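Enquirer: The structure is given below, and queries will be raised subsequently.
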Amino acid sequence: MKKTTFYNIHEKLGAKMVEFAGYYMPIQYNSIIAEHKAVRNAIGVFDVSHMGEVFVTGEKALDFVQHITVNDASKLYPGRVQYSAMLYPDGGIVDDLLVYKFTDEKFLLVINASNIEKDFNWMQQNNKFGVELSNQSDEYSLLAVQGPFSKEVVQAICDKELDMEYYHFFESKVAGIDMIISRTGYTGEIGYELYFKGTVAEAEKVWNKVFEAGEKFGIKPAGLGCRDSLRLEMGYCLYGNDIDATTNPLEANLGWITKINKGDFIGRDVLLKVKAEGLKRKLVPISSDEKVFPRHGYDLTIDGKKIGAVTSGTVSPTTEKPIALGYVDFEYSKEGSTVNFFIRGKEVPAKVVSLPFVKK
């Protein structure tokens, strides 16, 4: 098992550590709900150094990214970030990812921790453009500083003005360390992600400077437990739960990032066929007024008949209502449709709603 550069800090703070994607990671420090609310109302800091970073360089870097991802990378300009996905030829999802454009000949692909080896192999197998692929995942530390006061905190220790818009990035120094700073995150709050290479001592210096700057705002360390509840309140997909090799982006409600008309890319032919024939199922947000806890794998039913299954579920710490994402037969996917959580042999009334579950 690997340890991130912040491991010693997590231990000192008494974090509950779990094995995740080959790393020891903090699931929580104290209370998942308290950490969740700190991010929604003030500021929280996540160690997400387990995420993967693959650099694509070369004359045909853009051509490669266009071929291997579903979104239109030609729309990017230096300093812009894009949410996208990679597909198998049958339309199943290899991974969802972020695409960072530095120049026409340099891109950074940020991939999910549990998929790093699989994704990198997939990129290499489909590199018919002669680009250089460099997996630097083990070299980078990554902090996600998230919440309403994140700008004030990061600005206090950053050498540049944080005047960038959502899904933009630049390179600068934070706490004296060279970094890629992006206005991105997985929480639905304003936030910044800090990518840097450095020793354990340098990483701990960055952590300490962030917490010194955030002390007056009630800053808290936040674990993977609340990262999951925060992303679910916004309806963001989690690979392995809501999307995987058996789901295509159109049924997964990711049509907005799938630019079928941009030209050829892996999986496009299948998606054209899916679009022509119509969806058979769809990933939908579901909520209920009942006091229940929907969980991954629970059936969704109508009159005792299974019409789908929950892929992610929890009780929202913000609304205190049960919320879930799940695939249902397409005829039940319209907002307002009644569906049931099937829990312990009983049907619990619920409804297809709009996203996000927590309006910002």
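The values are calculated or read from the model by the stated rules, or taken from the named source; none is laboratory data. Bear in mind that the values here come from a model prediction, so they are computed numbers and not experimental data. Cβ: placed from backbone, ideal geometry, glycine included. Neighbour counts: every protein chain shown.
Enquirer: Being modelled with pLDDT of 95 or more, in contact with a Lys or Arg (Cβ under 6 Å, 6 or more places away or on another chain) and over 20 Å from Arg40 (Cα atoms): is that true of Glu204 here?
Expert: Working: modelled with pLDDT of 95 or more: yes; in contact with a Lys or Arg (Cβ under 6 Å, 6 or more places away or on another chain): no; over 20 Å from Arg40 (Cα atoms): yes.
It is false that Glu204 is modelled with pLDDT of 95 or more, in contact with a Lys or Arg (Cβ under 6 Å, 6 or more places away or on another chain) and over 20 Å from Arg40 (Cα atoms).
Enquirer: Is it the case, given these coordinates, that Ala113 is hydrophobic (A, V, I, L, M, F, W, C) and closer than 23 Å to Glu189 by Cα? Don't jump to the end; show me each part of the working.
Expert: Working: hydrophobic (A, V, I, L, M, F, W, C): yes; closer than 23 Å to Glu189 by Cα: yes.
Yes, satisfied.
Enquirer: Taking the criterion of being in a helix (DSSP H, G or I), under 29 Å from Lys101 (Cα atoms) and either free of Cβ contacts under 8 Å to residues at least 40 places away in the same chain or in contact with a Leu (Cβ under 9 Å, 6 or more places away or on another chain) (or both), would at least one residue in region 56-64 satisfy it?
Expert: First, pick out the residues of region 56-64 that are in a helix (DSSP H, G or I): 61-64.
So of that shortlist, the ones also under 29 Å from Lys101 (Cα atoms) come out as 61-64.
Next, only the ones that are either free of Cβ contacts under 8 Å to residues at least 40 places away in the same chain or in contact with a Leu (Cβ under 9 Å, 6 or more places away or on another chain) (or both) stay: 62, 64.
Scanning region 56-64, I find at least one residue that is in a helix (DSSP H, G or I), under 29 Å from Lys101 (Cα atoms) and either free of Cβ contacts under 8 Å to residues at least 40 places away in the same chain or in contact with a Leu (Cβ under 9 Å, 6 or more places away or on another chain) (or both), so the answer is yes.
Enquirer: Within region 210-221, can you find the residues that are among the small types (Gly, Ala, Ser) and within 19 Å of Ile181 (Cβ to Cβ)? Talk me through it step by step, then tell me what you get.
Expert: Of the residues in region 210-221, the ones among the small types (Gly, Ala, Ser) are 213-214, 218.
Those that are among the small types (Gly, Ala, Ser) and within 19 Å of Ile181 (Cβ to Cβ): Ala213, Gly214.
Enquirer: Regarding Leu271, is this residue surrounded by 19 or more Cβ atoms within 10 Å (Cβ to Cβ) and within 28 Å of Glu335 (Cα to Cα)?
Expert: Here the answer is yes, as Leu271 does meet what is asked.
Enquirer: Among the residues of region 322-352, write down those that are more than 17 Å from Ala252 (Cβ to Cβ) and surrounded by 17 or more Cβ atoms within 10 Å (Cβ to Cβ).
Expert: Listed by number, the residues that qualify are Pro322, Ile323, Ser337, Val339, Asn340, Phe341, Phe342, Ile343, Val348, Ala350.
Enquirer: On to the next question. Quick one: in region 4-39, which of the residues that are in contact with a Pro (Cβ under 8 Å, 6 or more places away or on another chain) and of a type in the set (D, E, K, R) is surrounded by the fewest Cβ atoms within 10 Å (Cβ to Cβ)?
Expert: For region 4-39, the residue satisfying everything is Lys16.
Enquirer: Search region 288-309 for residues that are among the polar types (S, T, N, Q) and pair each with any residue that is surrounded by fewer than 18 Cβ atoms within 10 Å (Cβ to Cβ) and assigned to a strand (DSSP E or B) when their beta-carbon atoms are under 9 Å apart and the residues are at least 6 apart or on different chains.
Expert: That search, which allows pairs on different chains as well, returns Ser288/Pro349; Ser288/Lys351; Thr301/Glu347.
Enquirer: Another question, then. Test each condition in (1) in a strand (DSSP E or B); (2) at positive phi for Gly14 and report the one that comes out false.
Expert: Going through the list (1) in a strand (DSSP E or B); (2) at positive phi, Gly14 breaks only (1).
Enquirer: Out of Asp90, Asp96, Asp72, report the one residue that is among the charged types (D, E, K, R), on the phi < 0 side of the Ramachandran plot, modelled with pLDDT of 95 or more and over 21 Å from the mean Cα position of the chain (by Cα).
Expert: Numbers: Asp96 fails: over 21 Å from the mean Cα position of the chain (by Cα); Asp72 fails: over 21 Å from the mean Cα position of the chain (by Cα).
Among Asp90, Asp96, Asp72, only Asp90 is among the charged types (D, E, K, R), on the phi < 0 side of the Ramachandran plot, modelled with pLDDT of 95 or more and over 21 Å from the mean Cα position of the chain (by Cα).
Enquirer: Now for a separate question. At least 3 residues that are modelled with pLDDT of 95 or more and over 28 Å from Asp72 (Cβ atoms) in each: list the strands (runs of 3 or more DSSP E) lying fully within region 250-360 that qualify.
Expert: Details: elements: 281-287, 299-302, 305-315, 322-329, 338-343, 346-352.
Filter on region 250-360 gives 299-302, 305-315, 322-329, 338-343, 346-352.
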